[in-house]
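First up is the structure itself, then whatever we jot down about it.
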Amino acid sequence: MYSIKKEQKLCIGTANFGFNYGLNKKKSLRIDNIKKILLHAKKNKIKYLDTAISYKSAEKKIGESNIKNFKIISKIHRVPKRVKKIDKWIIEKVKTSCKNLKIKSLYGLLLHDTNELKDKKKSKKIFKAFDYLIKKKIVKKVGLSIYDKEELNLHLKKFNFKIVQLPINIFDHRISNSHWLDYLKKRRIQIFARSVFLKGLLLKDKSKINRKFKKWKKNFENFDNWTKIKNISKEEACIRYIKNFNQIDKIIVGVNNKDQLNKNLMNVCKKGINIPKKFKVNDENLLNPKNW
C-alpha cells in the first residue's frame with residue numbers, strides 16, 4: 001500500500017479530458033469518469049492539475065466536475081497572427097479559462113510555445129499581460145512549457161518565471177544530464193516533469209510500435225528486455241526513473257481511469273531506480289512528439 005500522509009508528487013495531466021490524446025487515440029473521457037479520477041486524486045493528496053486552453057473541452061469538464069481545491073496550471077497557446085492587442089487577448093483567454101474551470105484564479109499560467117518570445121515587440125505585450133494577471137491575482141505564477149534545454153538558454157531570464165514544465169524520461173536525458181535541474185532548483189523555480197511515458201510510446205508492446213519508429217527498434221527492445229529481467233512494469237520503470245531527481249517537484253501523468261491512477265500512486269511511492277546508459281537517445285525526431 002502507498003502512504004497518503006503527505007502531498008503526492010504526482011500532477012494529473014488532463015489532455016485526455018478534452019480530446020483524443022496519445023498514440024492509442026482513445027476518445028476523450030466522459031465527465032462521470034473525470035469526477036471519479038479527480039475525487040480519487042483529491043483523497044490521495046494530489047494537489048495539482050495540468051491543463052491548457054488548447055485541450056478543447058478539458059477545462060469545462062474540470063469545472064463541471066465540481067471537485068474543488070486543486071492547484072490548476074493552464075497554458076496559453078500560440079497567439080493568432082490576426083490578433084493586434086496581444087495583451088488583452090491573453091487576459092481574456094485566461095479569464096475565460098477561470099470561468100470554465102469555475103475558479104477565481106489559476107495557480108499557474110505557462111507559455112505553451114516559447115517561440116512567441118523571439119519577437120521583442122510581441123514578448124513585451126505578453127509580459128504586460130502576465131504582469132497584469134499577477135497584479136490582479138488572477139494568476140499566482142507564470143512559467144514556461146519547453147521541449148528542449150535551448151529554450152531555457154534563450155528565454156528563462158526574460159521574465160520572473162516561477163514554473164518550468166520540461167520533458168524527461170528513460171530515453172530523454174537532455175535536461176537531466178545538464179546543469180539545468182540544479183539551476184532551476186537554486187532559483188526556487190518549480191519543476192514539473194512532462195513526457196515521462198513519451199506520450200505513451202514507452203509503454204507500448206515492442207511488437208506494436210509504429211514502423212516510423214523502427215530506427216530506434218533496438219532501444220525499445222533493450223527497455224522491454226530490461227523490465228522483464230527486473231520483473232517490473234514499464235509504467236513503474238518510467239516513474240521510478242524520475243524519482244532519481246530530487247530537484248523535480250511534480251511528475252505529470254495522464255490517466256484514463258481510477259485503476260491507472262492507483263498504479264501510478266503505488267509506483268511514485270517507490271524508490272528511484274538506476275537504468276542502463278544505453279537507453280539514452282539523442283535524436284529529437286524521437287524525443288520531441290512535435291516531430292512525429
Would you check if there is a residue in region 5-25 being open to solvent by less than 80 Å² (accessible area, probe 1.4 Å), at pLDDT 85 or above, over 26 Å from Asn288 (Cβ atoms) and more than 20 Å from the chain's Cα centre (by Cα)?
-> no
Which members of region 119-140 meet the condition of being among the charged types (D, E, K, R) and out of contact with any helix residue (DSSP H, G or I) (no Cβ under 8 Å at 6 or more places or on another chain)?
-> Asp119, Lys120, Lys121, Lys124, Asp131, Lys135, Lys136, Lys137
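A quick yes/no check of all residues on (1) under 30 Å from Ile72 (Cα atoms); (2) of a type in the set (Gly, Ala, Ser):
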{"site": "Lys214", "(1), (2)": "no, no"}
{"site": "Ile239", "(1), (2)": "yes, no"}
{"site": "Asn246", "(1), (2)": "yes, no"}
{"site": "Asn267", "(1), (2)": "yes, no"}
{"site": "Gly272", "(1), (2)": "yes, yes"}
{"site": "Phe279", "(1), (2)": "no, no"}
{"site": "Leu287", "(1), (2)": "yes, no"}
{"site": "Lys290", "(1), (2)": "yes, no"}
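Take the conditions charged (D, E, K, R), surrounded by fewer than 15 Cβ atoms within 10 Å (Cβ to Cβ) and closer than 19 Å to Leu38 by Cα and apply them to Asp283. Does it pass? Let's see the steps before the verdict.
Details: charged (D, E, K, R): yes; surrounded by fewer than 15 Cβ atoms within 10 Å (Cβ to Cβ): yes; closer than 19 Å to Leu38 by Cα: no.
Considered against the rule, which asks whether it is charged (D, E, K, R), surrounded by fewer than 15 Cβ atoms within 10 Å (Cβ to Cβ) and closer than 19 Å to Leu38 by Cα, Asp283 comes out as no.
Out of the residues in region 188-201 that are within 20 Å of Gly108 (Cα to Cα) and open to solvent by 10 Å² or more (accessible area, probe 1.4 Å), which is nearest to the chain's Cα centre (by Cα)?
So the first thing to find is which residues in region 188-201 are within 20 Å of Gly108 (Cα to Cα), and the list is 188-195.
Next cut, open to solvent by 10 Å² or more (accessible area, probe 1.4 Å) only: 188, 190, 194-195.
Details: Arg188: 19, Gln190: 12, Arg194: 4, Ser195: 7 Å.
Among them, the one singled out is Arg194.
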Among the listed residues Ile248, Ile252, Ile239, Ile232, which satisfies the condition of being under 30 Å from Leu29 (Cβ atoms), surrounded by fewer than 19 Cβ atoms within 10 Å (Cβ to Cβ) and among the β-branched types (Val, Ile, Thr)?
-> Ile232
Provide a single number: the residues in region 77-113 that are under 19 Å from the mean Cα position of the chain (by Cα) and modelled with pLDDT under 95.
-> 4
Return a yes/no flag: does region 55-72 have any residue that is out of contact with any helix residue (DSSP H, G or I) (no Cβ under 9 Å at 6 or more places or on another chain) and at pLDDT below 95.
-> no
For Asn225, are the conditions met, namely being closer than 24 Å to Trp180 by Cβ and open to solvent by 50 Å² or more (accessible area, probe 1.4 Å)?
-> no
Considering Lys212, Lys218, which residue is open to solvent by 50 Å² or more (accessible area, probe 1.4 Å), touching a residue at least 40 places away in the same chain (Cβ under 8 Å) and assigned to a helix (DSSP H, G or I)?
-> Lys212
Of everything in region 161-187 that's of a type in the set (Ser, Thr, Tyr) and assigned to a loop (DSSP other than H, G, I, E, B), which residue is surrounded by the fewest Cβ atoms within 10 Å (Cβ to Cβ)?
-> Ser178
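The values are calculated or read from the model by the stated rules, or taken from the named source; none is laboratory data. Treat the numbers as computed from the prediction; the structure is a model and nothing was measured. Every residue, glycine among them, receives a Cβ derived from its backbone with ideal geometry; neighbour counts consider all protein chains shown. Protein only, heavy atoms only, side chains kept; ligands, DNA and RNA dropped before computing areas. Shrake-Rupley method; radii C 1.70, N 1.55, O 1.52, S 1.80 Å.
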